[in-house]
1. Taking the condition more than 19 Å from Pro11 (Cβ to Cβ), touching a strand residue (DSSP E or B) at 6+ places or on another chain (Cβ under 7 Å), surrounded by 16 or more Cβ atoms within 10 Å (Cβ to Cβ) and not hydroxyl-bearing (Ser, Thr, Tyr), does Cys80 pass?
2. Could you tell me whether Leu16 is assigned to a helix (DSSP H, G or I) and either polar (S, T, N, Q) or touching a strand residue (DSSP E or B) at 6+ places or on another chain (Cβ under 9 Å) (or both)?
3. If you scan the stretch 28-44, which residues turn out to be among the hydrophobic types (A, V, I, L, M, F, W, C) and surrounded by 13 or more Cβ atoms within 10 Å (Cβ to Cβ)?
4. Can you confirm whether Asp39 is modelled with pLDDT under 95 and over 14 Å from the mean Cα position of the chain (by Cα)?
5. When only residues in the stretch 83-92 that are closer than 11 Å to Arg17 by Cα and not charged (D, E, K, R) count, which is surrounded by the fewest Cβ atoms within 10 Å (Cβ to Cβ)?
6. Condition test on Gln21, is it buried (at least 17 other Cβ atoms within 10 Å of the Cβ), more than 21 Å from Asp95 (Cα to Cα) and under 16 Å from the mean Cα position of the chain (by Cα)?
7. What pairs can you find where one residue is in the stretch 50-69 and modelled with pLDDT of 95 or more and charged (D, E, K, R), the other is assigned to a helix (DSSP H, G or I) and buried (at least 16 other Cβ atoms within 10 Å of the Cβ), and their Cβ atoms are less than 8 Å apart, with a gap of 6+ or different chains?
8. Which residues, taken from the stretch 45-66, are over 12 Å from the mean Cα position of the chain (by Cα), in a helix (DSSP H, G or I) and surrounded by 14 or more Cβ atoms within 10 Å (Cβ to Cβ)?
Amino acid sequence: MNDAPCIRDKPWKIRLRVISQEGTCAAGHRVDDGIIISDTGINGRVCISLLYSVLPKVYAMMYNARFPWLKNQCSATHACPDAHNPLVVELTRIDSE
């Protein structure tokens, strides 16, 4: 596992991008929609249910947590808690400069 490019001392911005969506998302999210979350705020529109459920993972990735089950430490996935309208986002560490 080559995770050196994705683990560093300073915080990352985290990009969330919808990679799959079934049914009708109450917030209107669609595939390829995205937002950026940094240590100073959120750029983009996101429903409160997804935001509430994904924030622990965002915070961990922002501050260089390692997830032993990931082959690539630069990105992870997260499922929205709405089981009737499944939506999955990809979280990617991006440079904060």
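1. Values: more than 19 Å from Pro11 (Cβ to Cβ): yes; touching a strand residue (DSSP E or B) at 6+ places or on another chain (Cβ under 7 Å): yes; surrounded by 16 or more Cβ atoms within 10 Å (Cβ to Cβ): yes; not hydroxyl-bearing (Ser, Thr, Tyr): yes.
The answer is yes for Cys80.
2. Values: assigned to a helix (DSSP H, G or I): no; either polar (S, T, N, Q) or touching a strand residue (DSSP E or B) at 6+ places or on another chain (Cβ under 9 Å) (or both): yes.
In short, no.
3. First, the residues of the stretch 28-44 that are among the hydrophobic types (A, V, I, L, M, F, W, C): 31, 35-37, 42.
Of everything in the stretch 28-44, those that are among the hydrophobic types (A, V, I, L, M, F, W, C) and surrounded by 13 or more Cβ atoms within 10 Å (Cβ to Cβ) turn out to be Ile35, Ile36, Ile37, Ile42.
4. no
5. To start, the set of residues in the stretch 83-92 that are closer than 11 Å to Arg17 by Cα comprises 87-92.
Now restrict to residues that are not charged (D, E, K, R): 87-89, 91-92.
Details: Leu87: 25, Val88: 15, Val89: 25, Leu91: 20, Thr92: 19.
Among them, the one singled out is Val88.
6. Working: buried (at least 17 other Cβ atoms within 10 Å of the Cβ): yes; more than 21 Å from Asp95 (Cα to Cα): yes; under 16 Å from the mean Cα position of the chain (by Cα): yes.
So Gln21 fits the description; yes.
7. Once the first residue is modelled with pLDDT of 95 or more and charged (D, E, K, R) and sits in the stretch 50-69, no partner that is assigned to a helix (DSSP H, G or I) and buried (at least 16 other Cβ atoms within 10 Å of the Cβ) comes close enough.
8. Ser49 - this is the single residue of the stretch 45-66 that is over 12 Å from the mean Cα position of the chain (by Cα), in a helix (DSSP H, G or I) and surrounded by 14 or more Cβ atoms within 10 Å (Cβ to Cβ).
The values are calculated or read from the model by the stated rules, or taken from the named source; none is laboratory data. All figures in this text were calculated on a predicted structure; none of them were measured in a lab. Note that we place each Cβ from the backbone using ideal geometry, even for glycine, and neighbour counts take in every protein chain shown.
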